[in-house]
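Data block below; observations after.
The values are calculated or read from the model by the stated rules, or taken from the named source; none is laboratory data. Only a predicted model underlies this, so the values are computations on that prediction, with no experimental measurement involved. Don't worry about glycine lacking a Cβ; one is built from the backbone with ideal geometry, like all the others, and counts go over all protein chains shown.
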Amino acid sequence: MSLVNTTTVNMAAIIGSNVRVRLNFDDSCSICESSIYKSFWFLVNLERQKTIESLALELCSRFNISSDLRIELSLDGCILPRWETTAILRDNDLVTYAVICKTLIVINHCACTV
């Protein structure tokens, strides 16, 4: 009987530090080009992914997306700031992953004299 109680408590502790979210990849994301699926369940570990920035990096790693891409995560149509804590997320939230800029253009200015 105590084994069942211990297991229940341990499972509650594991579940308590995680949030299960629905992850939707925007059509601009490269994963959509190579897959027929664009929606996934994703378990966010609140102890490892403490900020939206760390969550975005984890998503890039897990889905093999270049971390050089400029991306944004949004919740209910509102952008999740990169510095925000992942504690803002709740079970069953729909988080959208979008690429907002595929390349970074750098323009160099120089003054030339002839």
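Would a scan of the stretch 17-27 turn up a residue that is modelled with pLDDT of 85 or more, closer than 15 Å to ALA98 by Cβ and exposed (fewer than 10 other Cβ atoms within 10 Å of the Cβ)?
So far as the stretch 17-27 goes, no, none of its residues is modelled with pLDDT of 85 or more, closer than 15 Å to ALA98 by Cβ and exposed (fewer than 10 other Cβ atoms within 10 Å of the Cβ).
Across the stretch 85-114, what is the total count of residues that are modelled with pLDDT under 85 and either loosely packed, with under 12 Cβ neighbours inside 10 Å or not β-branched (Val, Ile, Thr) (or both)?
15
Can you pull out every residue in the stretch 46-64 that is closer than 15 Å to THR96 by Cα and in contact with a strand residue (DSSP E or B) (Cβ under 9 Å, 6 or more places away or on another chain)?
Those that are closer than 15 Å to THR96 by Cα and in contact with a strand residue (DSSP E or B) (Cβ under 9 Å, 6 or more places away or on another chain): ILE52, LEU55, ALA56, GLU58, LEU59, CYS60, PHE63.
If I filter the stretch 75-93 down to residues being of a type outside the set (Ser, Thr, Tyr) and in a strand (DSSP E or B), which single residue comes out as farthest from SER54 (Cα to Cα)?
CYS78
Does ARG82 satisfy the criteria of being out of contact with any helix residue (DSSP H, G or I) (no Cβ under 6 Å at 6 or more places or on another chain), modelled with pLDDT of 90 or more and charged (D, E, K, R)?
Spelling it out, it is not the case that ARG82 is out of contact with any helix residue (DSSP H, G or I) (no Cβ under 6 Å at 6 or more places or on another chain), modelled with pLDDT of 90 or more and charged (D, E, K, R).
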